[in-house]
Amino acid sequence: MPLAIETRNLTRTFPGASRAAISDVTLRVEEGERVLLTGPSGSGKSTLLNLIGGLDRADSGVLHVNGVDMMKMGEGLLARRRGGEIATVFQHHFLPTGLSAEEVVAAPLLWIHDLSPAEALREAREHLSLLGLSPEEHRRPVQNLSGGQRQRVAFARAIAPGPTILLADEPTAQLDDATAQLLLDQIFDWSAGEGRTLILASHHHLDSWRDGRILHMHDGRLREDVAVA
Ligand code: ADP
Ligand code: MG
């Protein structure tokens, strides 16, 4: 299998910090793999995901994503990859208020895939419907949706452009158990598609984690934990 993500000795120290947020992280994730990244708060999970997702830059080491050297990439190309082949979902959805759910999901399709507004809205509605939002909810301003619905809108926005890699950083942390499980199931279902790679960070060991690797971070260092067949 080709590698989706490869890091060697990846290190990031934030300005003024006394120690590295992540140090010497070496990781190989094959295309199609599903990886759970666990570890206590402050152990470096978000820092690592932000580097892989092109939201931040490492100080040293090697970082290849889908075979491309991210350390050498200019800001413009990084930004294009962020919305397109690498998608991210966070604990806190950063959805623009004032837009409807379908407009939020349609917006990246306009510039990533050059769709017309009508085509982008049609695709957005398809994604939202698959995730269980009703036509009335598609048109509702996102600030008037529940927390769980907003996370589903954020997830729809992330997957609508057709990324091959999804980085989910504590996506269920703000949700109650039932709503969290629903979103996790939808994320797992997405990741079962051909050639899709998922890294999901959580400070809990998820009981429902299945068919994937579990990696553990501690004090900025990575350790392979359990391999689940
Ligand atoms: P986790 O996601 O596992 O909770 P983080 O990657 O957020 O861990 O944080 C790792 C370390 O880096 C922590 O010590 C945190 O305080 C520090 N850190 C994270 N982001 C920043 C930042 N933007 N500036 C300075 N320090 C940061
Ligand atoms: Mg974090």
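What number goes with the only condition from (1) within 30 Å of Ser134 (Cα to Cα); (2) in a helix (DSSP H, G or I); (3) within 16 Å of ligand 1 (Cβ to nearest atom) that Glu103 does not pass?
(3)
Has segment 148-171 got any residue that is surrounded by fewer than 18 Cβ atoms within 10 Å (Cβ to Cβ) and among the polar types (S, T, N, Q)?
no
Whether any residue in segment 63-83 is modelled with pLDDT of 85 or more, open to solvent by less than 30 Å² (accessible area, probe 1.4 Å) and among the small types (Gly, Ala, Ser) is what I want to check.
First, pick out the residues of segment 63-83 that are modelled with pLDDT of 85 or more: 63-72.
Then drop every residue that is not open to solvent by less than 30 Å² (accessible area, probe 1.4 Å), which leaves 63, 65, 70.
Right, trim to among the small types (Gly, Ala, Ser) and you get none.
The answer is no; no qualifying residue exists.
Between a residue in segment 37-49 that is more than 12 Å from Ala21 (Cβ to Cβ) and open to solvent by 10 Å² or more (accessible area, probe 1.4 Å) and any residue that is more than 8 Å from ligand 2 (Cβ to nearest atom) and assigned to a strand (DSSP E or B), which pairs come within a Cβ distance under 8 Å, given they are 6 or more apart or on different chains?
Pro40/His218
Any idea which of Leu128, Leu99 is buried (at least 18 other Cβ atoms within 10 Å of the Cβ), without any contact (Cβ under 8 Å) to a residue 60 or more places away in the chain, out of contact with any Leu (no Cβ under 9 Å at 6 or more places or on another chain) and over 26 Å from His203 (Cα atoms)? Steps first, answer last, please.
Values: Leu99 fails: buried (at least 18 other Cβ atoms within 10 Å of the Cβ).
Unique residue meeting the criteria: Leu128.
Name the single residue that is farthest from ligand 2 (Cβ to nearest atom) among those in segment 174-214 being out of contact with any helix residue (DSSP H, G or I) (no Cβ under 7 Å at 6 or more places or on another chain) and among the basic types (Lys, Arg).
Checked segment 174-214; the qualifying residue farthest from ligand 2 (Cβ to nearest atom) is Arg210.
The values are calculated or read from the model by the stated rules, or taken from the named source; none is laboratory data. All values reported here derive from a predicted model rather than from experimental measurement. Note that each Cβ is placed from the backbone with ideal geometry, even for glycine, and that neighbours are counted across all protein chains shown. Remember, those area values only see protein heavy atoms, side chains included, never the ligands or the DNA or RNA. Shrake-Rupley method; radii C 1.70, N 1.55, O 1.52, S 1.80 Å.
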